[in-house]
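Read through the structure below, which is laid out as structure tokens, and then see the notes.
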Amino acid sequence: MPILDAILSAITYLALCFILFLLGKWIHQLFHRNIRVQAELVEKDNFAFAVSHVGYFIGLLLAIVGAVMGPSAGLFDDIINISAYGLLAILLLNLSILINDKIILRRFSVYQEIIEDRNAGTGVIEGANAIGTGLIIMGAVSGQGGGFLTAVVFWVVGQVLLIITAYLYSALIPFDVHDQIERDNVAVGLGFAGALISIANLIRYGLMTDFFSWQESLTDVGIDVLIGLAFLPIVRWLTDKILLPGRSLTDELINQEKPNVGAGLIEAFAYVGGSVLITLCL
């Protein structure tokens, strides 16, 4: 019966995704053996770690969704393809976090800031990094016409573009982003996190097409990212003028005794919202 077959297939796919999610959780712990997850979450109530950990779970979910998306090739073939690309996505996600910790947040120890200092600003960026990477992997492993090689190459391209975004954002902002984050400035961390996720979403959009040629795929991604990078300073200016009329975003973030976390959240929303609008209009 077609309906019964559809139900059984849906249950199979759901169970497979759940298994991949558990594998992703286990592999993440292998990559971070020096962190006692249960102790940080329950015994120490470490909010900074909770934020970064949930960010990883969101990124993991996005990566697995990328492996599941696409037309069915039959239940048996689907199980093989989803399992293979799901495992690849999990591995790439964890490698990305390690790489970006050493490059994007290179000026301090992420472990020390999150585990020892409980720096929520660093936790927010760590979580955003995982979400952004999950979006990139979603685009890299989805679509037709490619394979493992194209997925890995697109992941590498996405990581390079994400790192470039981090450098350009730090250069555009009129204060030392890393210094503010190291001072536990959650507001600045939120803004930075929004910028990373917004560009990652544009990379995802450029990659989520069927693969025909390297030139066509890389051109699509390049155009989307260039539009996003050009839009970042415009979005920040519009945030000042429209979402925070009569106020200076920089003053709200760093030039007062207690940084305005709400202003940082608004800045992050503006970046992500602008990214969503761009993908709808392209």
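The values are calculated or read from the model by the stated rules, or taken from the named source; none is laboratory data. This one's a predicted model, so the numbers in the text were calculated from it and none came from an experiment. As a convention, Cβ positions derive from the backbone with ideal geometry for all residues, glycine included, and neighbour counts pool all protein chains shown. We work out accessible area using only protein heavy atoms, side chains counted, and drop any ligands, DNA or RNA first. Shrake-Rupley method; radii C 1.70, N 1.55, O 1.52, S 1.80 Å.
Worth a mention:
- Test: residue in the range 184-202 that is over 23 Å from Ile131 (Cα atoms), more than 19 Å from the chain's Cα centre (by Cα) and not small (Gly, Ala, Ser): no
- Matching residues, the range 1-49, being charged (D, E, K, R) and open to solvent by 100 Å² or more (accessible area, probe 1.4 Å): Arg33, Arg36, Glu43, Asp45
- Just one of the numbered conditions (1) modelled with pLDDT of 90 or more; (2) open to solvent by 20 Å² or more (accessible area, probe 1.4 Å); (3) not charged (D, E, K, R) is not true of Gly127: (2).
- Val221 out of contact with any Cys (no Cβ under 9 Å at 6 or more places or on another chain) and under 19 Å from Phe108 (Cα atoms): no
- Within the range 21-58, the set of residues being of a type in the set (D, E, K, R) and assigned to a helix (DSSP H, G or I) comprises Lys25, Glu40, Glu43.
- Candidates are the residues of the range 238-282 that are among the charged types (D, E, K, R) and touching a residue at least 12 places away in the same chain (Cβ under 8 Å); the one that is least open to solvent (accessible area, probe 1.4 Å) is Glu267.
- Scanning the range 98-144 for residues that are β-branched (Val, Ile, Thr) and out of contact with any Asp or Glu (no Cβ under 6 Å at 6 or more places or on another chain) yields Ile99, Ile103, Ile104, Ile114, Ile115, Val124, Ile125, Ile131, Thr133, Ile136, Ile137, Val141.
- Leu88 vs. criteria open to solvent by less than 70 Å² (accessible area, probe 1.4 Å) and in contact with a Phe, Trp or Tyr (Cβ under 7 Å, 6 or more places away or on another chain): yes
- With respect to the conditions (1) among the acidic types (Asp, Glu); (2) in contact (Cβ under 8 Å) with a residue 40 or more places away in the chain; (3) open to solvent by less than 50 Å² (accessible area, probe 1.4 Å), Asp117 lacks only one, and its number is (3).
- Subset of the range 73-95 [without any contact (Cβ under 8 Å) to a residue 24 or more places away in the chain and either within 19 Å of Leu30 (Cα to Cα) or not in a helix (DSSP H, G or I) (or both)]: Ala73, Gly74, Leu95
- Members of the range 96-111 found to be in a loop (DSSP other than H, G, I, E, B), under 22 Å from Ile136 (Cα atoms) and either open to solvent by 10 Å² or more (accessible area, probe 1.4 Å) or among the β-branched types (Val, Ile, Thr) (or both), listed by number: Ile104, Arg106
- Conditions (1) open to solvent by 10 Å² or more (accessible area, probe 1.4 Å); (2) farther than 25 Å from Ile97 by Cα; (3) free of Cβ contacts under 8 Å to residues at least 40 places away in the same chain; number of the one not met by Pro233: (3)
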